[in-house]
1. Pull out the extension gain between Val131 and Arg113, defined as 0.36 nm times the separation in residues minus the alpha carbon to alpha carbon distance; nm, one decimal.
2. In deg cm²/dmol and to the nearest 500, what is the mean residue ellipticity at 222 nm of the chain if only DSSP H runs of at least 4 residues count, each as -39500 (n - 2.57), divided by the residue total?
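Read-outs: derived from the displayed coordinates by stated rules, not from any lab. Just so it is clear, the model here is predicted, and its values are computed rather than measured.
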Amino acid sequence: MLTRIDHIGIACRDLDETVAFYTTTYGFEVFHTEINEEQGVREAMLKINETSDGGASYLQLLEPIREDSAVGKWLAKNGEGVHHIAFGTADVDGDAAAIAGKGVRVLYDEPRRGSMGSRITFLHPKDCHGVLTELVTAAENPGAEH
Ligand code: MC0
């Protein structure tokens, strides 16, 4: 069951500059930063609120580390802005299988590694009314080093 907005992914050209905008303009704080080589991004997670399912909602700021990465290609075509939304679930495998059964393309055969040790997969934007959609099962302790 999808129980929260886990995060909204925002593509940016300069992570440090974009973090400065979100922290100084809104007062949000950086909860975590990492480089995800497989996804080709350097990212910052800004926690917005905790949620009733025991998780939390974040803004995820994403700077590509390679031009041919998903975010690099998207930035070149569209410029900065909202890149994807992510729904949180306790069971990414089960929810991905159920959604695939409804005819939506799930992009990975098995969930891959996401922010803070989470397990993630994506749904094709063309099957989701133009929205790249991610499913996330958070790690037990997302604040710990992953
Ligand atoms: C591409 N399209 C999008 C889109 N990206 N539409 C909405 N939102 C997006 N973000 C559209 C294009 O405009 C194009 O439509 C069509 O999809 C094919 O795009 P493409 O530019 O030819 O690119 P593809 O087909 O090579 O790849 C698109 C695809 C890819 C969605 C399959 O980006 C992908 O695998 N994404 C999942 C991984 C990802 O995004 N990782 C970065 C975040 P037209 O109409 O022009 O044909 S990593 C992350 O978020 C992790 C760290 C985490 O959360 O923990």
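1. Details: separation 18, 0.36 × 18 = 6.48 nm, distance 2.08 nm.
Here the answer is 4.4 nm.
2. Working: 3 runs with 30 residues, N = 146.
That comes out to -6000 deg cm²/dmol.
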